[in-house]
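*Asks:* Can you keep this structure in mind? I'll have questions shortly.
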Amino acid sequence: MEEIRIVNISKDFDGFMAVDGVDLTIKPGELFSFLGPSGCGKTTLLRMIAGFEMPLKGKIFIGDQDIVDLPPYKRPVNTIFQNYSLFPHMTVWDNVAFGLKVRKTPLPEIKDRVSEMLDLVKMGDQHSKYPDQISGGQKQRVAIARALINNPKVLLLDEPLAALDLKLRQHMLIELMNIHDAVGITFIYVTHDQSEAMSISDRVAVMNRGKIVQEGPPDDIYERPSSIFSAYFIGETNLITGEVIGIEDEYVQLKCPMGDDEYFEIDSTFHFRPEIGSQITVSLRPEKIAISSNKPKIADDMNIVKGVIEDILYLGSHTQYIVRVGKHNIRVFSQHKRVYFDDKALDWEEEVWLFWHDTDSWLINELPDESRMPAEGKTYIPKFKKANASAGEQI
Amino acid sequence: MKSNSKSSRLDYLLAAPTLIWLTVFFLVPYFIVLIYGFLTPDIFDVKFEFNLDAYRQLFDGTYFRPFVLSVKLAITTTLLCILIAYPVAYLIARASDKIKNTLLILIIIPFWTNLIIRIFSWRIFLSYNGVLNDILMRIGLISQPLEIMRTDLAVIMVMVYVYLPYMILPLYSVLEKLDFTLLHAAMDLGANEVKSFFKITLPLSLEGIFAGVLLVFIPALGTYLIPQLVGDQRSLYVGQVITYKIKNIPRNWPMASALSFGLLILVAIFLLLGYILLKKSKVRGVA
């Protein structure tokens, strides 16, 4: 088992930097995801590992070997293509056997390996069918078998589930994890779907504009986003800007404008030391906020703000409330659990209290900027005035 | 169901003009040709007396040579067209949209000029004192003009020139639809460029080759004009023989009819062979 080392790799298309100086090390046997919106460079990066794109500069090592100058057919990697790219004129069996046949493997061995692989992906009884006679999920399995039969050191998966419907996608995701466990090789998984990346990956690299924005285990990126982009791209969040007015041992105090010269305060634990008086952003995940129409008794390490329910979206497993707090629209997810005795149904335009633990507010040393927001994947963007404008009002 | 049968009745109605046209001007003449083959020749016309001479001669070897020549010419032309057209069609299919359209127009432009005029320009090009010999002598490749006109080589050159677009266009249309990520997949699985071509591109473009072969081989088999204008008049092709049977006096309509029918049967046999080959190769649709 060898690690993959990507060293300062760049790729341009007519002057547009699709991948811009990426450095990355992927551990042996890891299931690693490149996650980002379309055009972020994740697929280009994958295609450079596969050998379909020539980097502008940089090196890609598998173990000690730099593979950049090798043609695709000499690299110890195999790819699952987005639309599977099964050969339409060959049966399932011939598709899977392809890699061994071109390497002139003896026929008895091919037969053994193909049936072994088809069993692994549960397609043993479909071997004589043609690709246009099997379903999307089955094509996916054949594509996996066709790639894995070559014993690659790395399996590259380019949005492999994009063409499947939701239920099948969830099912194949689990199956992919099982296959990863069974074969034990490194998987590199490209997706724009954050939930896919979160559920399947050991580690994730969040990409934007050809660069890696953040890299780490999914929970780390979700709980501790290093930038507004990753906070926003992974999961949903509320971004609130404010001025740092105090720093204690355990927490910082922020003064957040609500408009009309009114302010509310947020306490937050901190992982870097902001300067007093500086403008800063708090990322607050909607599910971390509790909502109640009665003012709760709260401890010292809790934040509380008052707002008015603007909108209620019933989403089955939970309800999303959009609560107006001054100029902010704060989203709150509330699960349908009746554990509080004073629980009653909340209504539009009702005054409510929002409260959360200090440690659930996460500081990001950036100000929200529309142009830095992810281009796709989110339908609702909270209404922010320009960060500069609000700063100007305040000073 | 009712509306269904109504619409199918409408379909027939819409197809009727074409069906009538084909019956009257295609099927009926063929039937006349078939009957003429069994009549007795006269100086200008035919006598309506049953006579098997024409078909006897068709099969007794008298006309073996023109048939062999025609088949050889058709096969050579078709093969050369495939070899030349394939890379051209491939390049056009992979070119950017703008260049693609320009190249396609360039392929089609020759159709705007009458075939006979194009063949005559080839005569000027190939003749003893023609452009080709002039160029070759000027650059010093030859010291004496070559006798290219009125040879089998001239026939093949002009045949390939005339029929090439009929091979390029169907090939282009399959190659254009070909999913080139399949080639990436093949390379990804360890096949180099050559292997990917023979295992993926070629099998998936067989239908285009088959269509091109139909468009080239069949007309090439019955070709008359090109060997007549640039060919060696000592080696006659079936098309020429048929024409002479009608043109030269005493005319022999029954023999011309029998030869035409022989040609038709030959085409049918080759078509069937090609169809069986295509089926056997188990090639499925590209999409």
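What follows draws every value from the coordinates through simple rules; no lab data is involved. What you see is a predicted model; the values in this text were computed from it and never measured. Using ideal geometry, Cβ is built from the backbone for each residue, glycine included, and neighbour counts are taken over all protein chains shown.
*Asks:* Can you compute the radius of gyration and Dmax for chain B, using only the Cα atoms, both in Å?
*Replies:* 23.6, 80
*Asks:* Return the loop-located chymotrypsin sites (Phe, Trp or Tyr not before Pro) in segment A:250-326 (DSSP other than H, G, I, E, B) with at most 13 other Cβ atoms within 10 Å of their own Cβ; answer none if there are none.
*Replies:* A:F272
*Asks:* Please list, or write none, the aspartates and glutamates whose alpha carbon is within less than 13 Å of the alpha carbon of B:K279, excluding same-chain residues fewer than 8 places away.
*Replies:* Reachable aspartates and glutamates: B:E207.
*Asks:* Compute the FRET efficiency between A:Q335 and A:A299 as 1/(1 + (r/R0)^6), taking r as their Cβ-Cβ distance and R0 = 22 Å, and round to the nearest 0.05.
*Replies:* Step by step, r from the Cβ atoms, then E = 0.55.
*Asks:* Looking only at B:V216, B:V174, B:V194, which one moves most when chain B is put into a Gaussian network model with springs between Cα atoms under 10 Å?
*Replies:* Result for chain B, Cα springs under 10 Å: B:V194 fluctuates most.
*Asks:* Averaged over B:196-209, how many beta carbons belonging to a partner chain fall within 10 Å of each residue's beta carbon?
*Replies:* The mean count of partner-chain Cβ atoms within 10 Å per residue comes to 2.
*Asks:* Just to be sure I understand the model, the point goes 7 Å from the Cα along the line to the Cβ. What's the resulting B:T23 to B:V194 distance in nm?
*Replies:* Each label point is offset 7 Å from its Cα along the Cβ direction, giving 5.8 nm.
*Asks:* Note down the nm distance, to one decimal, between modelled labels 7 Å out along Cα→Cβ at B:Y244 and at A:S128.
*Replies:* 5.6
*Asks:* Continuing with the same structure: Hey, can you grab everything whose amide H is under 5 Å from the amide H of A:V19? Only 5+ residues off in sequence or another chain; H modelled, so Pro and N-termini drop out.
*Replies:* Placed amide hydrogens put A:K11 under 5 Å from A:V19.
*Asks:* Please give the peptides A:273-279, A:305-311, B:162-168 ranked by average Cβ packing (other Cβ atoms within 10 Å per residue), highest first, as a rough proxy for protection.
*Replies:* Ranked by mean Cβ neighbours within 10 Å, highest first: B:162-168, A:305-311, A:273-279.
*Asks:* What is the distance, in nm, between label points placed 7 Å from the Cα along the Cα-to-Cβ direction at B:A15 and at A:I247?
*Replies:* Going from the B:A15 label point to the A:I247 one covers 8.5 nm.
*Asks:* Right, something else. Given a Förster radius of 30 Å and the C-beta distance between A:R103 and B:L206 as r, what FRET efficiency does 1/(1 + (r/R0)^6) yield to the nearest 0.05?
*Replies:* Efficiency, rounded to the nearest 0.05: 0.75.
*Asks:* Further question: In whole Hz, with x marking every Gly and Pro, tabulate ³J(HN,Hα) for segment A:291-304 from phi via Karplus 6.51 cos²θ - 1.76 cosθ + 1.60, θ = phi - 60°.
*Replies:* 10, 7, 7, 9, 5, x, 7, 10, 7, 4, 8, 10, 9, 9
*Asks:* Quick one: Karplus J couplings for segment B:48-62, per residue in order, coefficients 6.51, -1.76, 1.60, θ = phi - 60°, nearest Hz, x for Gly and Pro?
*Replies:* 7, 10, 4, 7, 9, 3, 4, 5, 4, 5, 4, 9, 8, x, 4
*Asks:* Let me ask you something else. On a 18 Å Cα-Cα criterion, which of the cross-link pairs A:K11/A:K59; A:K74/A:K153; A:K59/A:K211; A:K11/A:K57; A:K42/B:K98 come out too long?
*Replies:* Flagged as over cut-off: A:K42/B:K98.
*Asks:* Moving to a separate point now. To the nearest 20 Debye, how big is the dipole of segment A:82-184 about its Cα centre, given +1 on the beta carbon of each Lys and Arg and -1 on that of each Asp and Glu?
*Replies:* 220
*Asks:* Explain nothing, just compute: Karplus ³J(HN,Hα) = 6.51 cos²θ - 1.76 cosθ + 1.60, θ = phi - 60°, for every residue of segment B:236-251 in order, whole Hz, x for Gly and Pro.
*Replies:* Karplus-based 3J(HN,Hα) across segment B:236-251 equals 9, 9, 3, x, 5, 4, 4, 4, 4, 4, 8, 6, 7, 9, x, 6 Hz.
*Asks:* With springs only between Cα atoms under 10 Å apart, run a GNM on chain A and tell me which of A:D202, A:D64, A:D14 wobbles the most.
*Replies:* A:D14
*Asks:* Could you list the trypsin sites (Lys or Arg not before Pro) in segment B:200-254 that lie in coil according to DSSP, counting only those with at most 15 other Cβ atoms within 10 Å of their Cβ?
*Replies:* Counting only loop positions with at most 15 other Cβ atoms within 10 Å, the trypsin sites (Lys or Arg not before Pro) in segment B:200-254 are B:R234.
*Asks:* Something else about it: Considering the dipole of chain A built from charges on the beta carbon (Lys and Arg +1, Asp and Glu -1) around the Cα centre, which of A:P286, A:F81, A:Q335 is farthest to its positive end?
*Replies:* About the Cα centre, the residue reaching furthest to the positive side is A:F81.
*Asks:* May I pose another question? Using 12 Å as the cut-off for backbone N distance, which residues of segment B:158-200 belong to the label zone defined by a point 7 Å from the Cα of B:I84 along Cα→Cβ?
*Replies:* B:158-168
*Asks:* Between A:N329 and residues 5 or more places away or on another chain, which pairs have amide H atoms under 5 Å apart, with H built 1.01 Å from N, and which residues are they?
*Replies:* A:K383
*Asks:* So what is the relative contact order of chain B, in percent, for Cα pairs below 8 Å that sit 6 or more residues apart?
*Replies:* Reported as a whole number, the value is 29 percent.
*Asks:* Within segment B:1-81, list the chymotrypsin sites (Phe, Trp or Tyr not before Pro) lying in a DSSP loop whose Cβ has at most 13 other Cβ atoms in a 10 Å radius.
*Replies:* Passing sites in segment B:1-81 are B:F44, B:F48, B:F50.
*Asks:* How large is the dipole of the protein assembly as shown about the Cα centre if only Lys and Arg carry +1 and Asp and Glu carry -1, each at its Cβ, rounded to the nearest 20 debye?
*Replies:* 4520
*Asks:* Taking 8 Å as the Cα distance limit and 6 or more residues as the minimum spacing, I'd like the relative contact order of chain A as a percentage.
*Replies:* This gives 15 percent for chain A.
*Asks:* Please report the antiparallel percentage of the DSSP beta bridges confined to the protein assembly as shown, to the nearest 5.
*Replies:* Percent antiparallel among DSSP bridges in the protein assembly as shown is about 80.
*Asks:* Amide H to amide H under 5 Å from A:T79: which residues, 5+ apart in sequence or cross-chain, H placed 1.01 Å off N in plane?
*Replies:* Under 5 Å from the amide H of A:T79 lie the amide H atoms of A:L156, each far enough along the sequence or on another chain.
*Asks:* Now, a different point. Okay, which of segment B:205-236 sit inside 19 Å, backbone N to the point 7 Å along the Cα-Cβ direction of B:K177?
*Replies:* Answer for segment B:205-236: B:205-216.
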